[in-house]
Amino acid sequence: MRGARGLTLRTPRTTRSRRQVDSASLDHADKALVELLQEDGRLPYTKLAQAVGLSEAAVRHRVQRLIDDNIVQILAVTDPLRLGFRRQAMVGVKTEGDIIAVADALAAIPEVDYLVFTSGSFDLLFEMVCEDDEHLLELLNDKVRRIDGVRSTETFVYLRLHKQTYAWGTR
């Protein structure tokens, strides 16, 4: 979750295909570790080991493998408002031509923190975190809309964040 709760675990935002991450390769202990870390990404290895019934060394190895395999990231999630970013928005993009090239160009914009391929009204959706409305306008006009292949955009300005969680567990 965003906010002053400290470190949080979330699934990495990555360009890897979902099919490349095989959930069948995760055993019960791996899934238990993921769920524990989603509750508190700062849990010490000793407590994780006790909870899953493995040695501390085994837990260290498993957590490192989960990180190395891009299954999890352990990081601090911040509240953009408290860091001076007054405007967040989700932007829908309709493309023409090479959608991957458009996605790569959008991903290169530092203010873009989330980007997905979608079906339906938009080809891509991305989230931007900006200092203010002027910054958002500048990014949309000077960067996003100048990318070859961007046919149109629709911007959804966030008025208030009501819920955000990264603790959806495992399957």
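Assorted remarks:
- Boolean, A108 is loosely packed, with under 12 Cβ neighbours inside 10 Å and not β-branched (V, I, T): yes
- Selection of the stretch 69-80 for residues being polar (S, T, N, Q) and not in a loop (DSSP other than H, G, I, E, B) yields only Q73.
- All positions within the stretch 24-57 that are buried (at least 18 other Cβ atoms within 10 Å of the Cβ) and in contact with a strand residue (DSSP E or B) (Cβ under 6 Å, 6 or more places away or on another chain): L37, Q38, G41
- Some residue of the stretch 118-137 being under 21 Å from F85 (Cα atoms), in contact with a Ser or Thr (Cβ under 6 Å, 6 or more places away or on another chain) and surrounded by 12 or more Cβ atoms within 10 Å (Cβ to Cβ): yes
- Applying a threshold of 6 Å to beta carbon distances and a minimum spacing of six or more residues, or different chains, the list of pairs starting in the stretch 116-140 at a residue that is at negative phi and ending at one that is among the polar types (S, T, N, Q) and modelled with pLDDT of 95 or more reads D123/T95; L125/T118; V129/Q88.
- Cβ pairs under 9 Å, 6+ apart, first in the stretch 92-103 and under 8 Å from V150 (Cβ atoms), second aromatic (F, W, Y) and exposed (fewer than 15 other Cβ atoms within 10 Å of the Cβ): none
- Lone qualifier among L48, L66, L54 - being out of contact with any Ser or Thr (no Cβ under 8 Å at 6 or more places or on another chain), assigned by TED's automatic domain parsing to the domain that holds L33 and outside any helix (DSSP H, G or I): L54
- Boolean, T153 is more than 30 Å from A32 (Cβ to Cβ) and more than 14 Å from the chain's Cα centre (by Cα): yes
The values are calculated or read from the model by the stated rules, or taken from the named source; none is laboratory data. This one's a predicted model, so the numbers in the text were calculated from it and none came from an experiment. Don't worry about glycine lacking a Cβ; one is built from the backbone with ideal geometry, like all the others, and counts go over all protein chains shown.
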